[in-house]
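The next block holds one structure in the form of structure tokens; read it before the comments.
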Amino acid sequence: MYNIALIPGDGIGAEVIGEGRKVIEAASCKFGIEIKWNEYPFGAEHYLKTGELMPDVALKEIKDMDAIYLGAIGDPRVKPGILEKEILLKTRFYFDQYINLRPIKLYKGVPAPLKDKNPEDINFYVVRENTEDFYIGIGGRFKGRAHRDHLEVLRKLYKAKIQVDFNLEQEEEIAYQLGLISKPGTQRVIKYAFELAKKKNMKRVTSVDKANVLTYIYGLWRDVFEEISAQYEGIETEFTFVDAITMWFIRKPEWFRVVVAPNTFGDIITDLGAMIQGGLGIAAGANINPEGLSMFEPIHGSAPKYKGKSVANPVATILTGVMMLDHLGETKAAQAIENAVEKVLSEGKVRSHDLGGNSSTVEVGDEVVRKLKEINIK
Ligand code: IPM
Ligand code: MN
């Protein structure tokens, strides 16, 4: 039996997670899997009512479970950063989910946003580092005396060549934020990317950075990439700058197999990746700790304006459920659901609003379940 922590979260979260759960339950029934869902109320509503975000006791409880299945976090009533940092990032960090795996796959039947690109052209993985870089949360905002002191500290500690001419006597404000990457933190994510390439028989790994400007942190990133890539024969490698890769995602997505990126750039390029596979309504994702507890959440956010309208596309969350089952070793159930989703998408009879149809969130979920029942996996 699997113990899954279920966090529907905010906005459309509850609606899409409801469909994800329904589909997983149908697959469980078919393949003799038993799942116990442990639901948690964390998110904006709960925070506004109780002041609680993600309590440590809950994390300790979840630690003994098999996975987390999460809808979305974010709400316009709460200042940006609070829910994101204290629920989502806290959980990723607590469980040291150092991989954020985001497949970019254009399924048949999904209106291709890129002209002349077909499903065989868009099928790759982005492996995003998930615990370091500019996400470590170290920084500050200062003015006045504190400002002057801090500037001195910064100069000394980081040898920052601050060139802006601050008027220290006036109350000018400064802010800074540090990006940090570590050698072991970089080794483990790059190793994962190469292992993934090997496992999937994908023979190219592309590294993303901005080593021409952020020379310290991405200089280290590059050195580690070279060190790890030397251990893998037969896999082609390349470096790209993050600005250039956004262009190549559009111009030549068929080039990519496995792309490995530091946290911040990985965040940005996977929204673009989601678009070229047909939109955020399709894009699945997983925060993985290969040795520990992982959390499965679609790339999209809580889309507050669509909340309660039953117009959200649950496919991203359903495919995220596929990643979860796959991770748990339930490969047949995972494959069956993916096949069912493929059928629904390619037939196009039941199609959500983002893909140009008018089916509701529940109708899409129901259709996936219907197709799932017809599928035979040996
Ligand atoms: C994502 C999101 C999060 C991130 C936010 C909500 C903290 O954009 O999962 O891509 O930046 O990682
Ligand atoms: Mn993002």
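Quick notes
Condition check ((1) under 21 Å from the mean Cα position of the chain (by Cα); (2) at pLDDT 95 or above; (3) part of a loop (DSSP other than H, G, I, E, B)) across all residues:
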site: 14; (1), (2), (3): yes, yes, no
site: 17; (1), (2), (3): yes, yes, no
site: 21; (1), (2), (3): yes, yes, no
site: 30; (1), (2), (3): no, yes, no
site: 54; (1), (2), (3): yes, yes, yes
site: 69; (1), (2), (3): yes, yes, no
site: 89; (1), (2), (3): yes, yes, no
site: 92; (1), (2), (3): yes, yes, no
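- Restricting attention to region 73-102 and to residues that are away from ligand 1 (no atom under 14 Å from the Cβ) and under 25 Å from residue 291 (Cβ atoms), the residue that is surrounded by the most Cβ atoms within 10 Å (Cβ to Cβ) turns out to be 95.
- Failed condition for residue 107, given (1) of a type in the set (Phe, Trp, Tyr); (2) at pLDDT 95 or above; (3) not in a loop (DSSP other than H, G, I, E, B): (3)
- If only residues of region 275-293 that are assigned to a loop (DSSP other than H, G, I, E, B) and in contact with a Leu (Cβ under 9 Å, 6 or more places away or on another chain) are counted, the one that is surrounded by the fewest Cβ atoms within 10 Å (Cβ to Cβ) is 279.
- Test: residue in region 47-66 that is at positive phi and touching a residue at least 24 places away in the same chain (Cβ under 8 Å): no
- Residue match in region 247-266 (condition: within 16 Å of ligand 1 (Cβ to nearest atom) and among the acidic types (Asp, Glu)): no
- Residue check for residue 316: among the small types (Gly, Ala, Ser), at pLDDT 95 or above, surrounded by 16 or more Cβ atoms within 10 Å (Cβ to Cβ) and out of contact with any strand residue (DSSP E or B) (no Cβ under 9 Å at 6 or more places or on another chain): yes
- In summary, strands (runs of 3 or more DSSP E) completely within region 186-272 and bearing 1 or more residues that are within 16 Å of ligand 2 (Cβ to nearest atom), surrounded by 18 or more Cβ atoms within 10 Å (Cβ to Cβ) and of a type in the set (A, V, I, L, M) occur at 204-209, 258-261.
- Criterion (assigned to a loop (DSSP other than H, G, I, E, B) and either without any contact (Cβ under 8 Å) to a residue 40 or more places away in the chain or over 15 Å from residue 279 (Cα atoms) (or both)) met by exactly one of 78, 127: 78
- Taking region 157-185 as the range and being modelled with pLDDT of 65 or more and either assigned to a loop (DSSP other than H, G, I, E, B) or over 27 Å from the mean Cα position of the chain (by Cα) (or both) as the test, the residues that pass are 173, 174, 175, 178, 179, 181, 182.
The values are calculated or read from the model by the stated rules, or taken from the named source; none is laboratory data. Remember, it's a predicted structure, so these values are computed and weren't measured experimentally. Backbone-built Cβ (ideal geometry, glycine too); neighbour counts: all protein chains shown.
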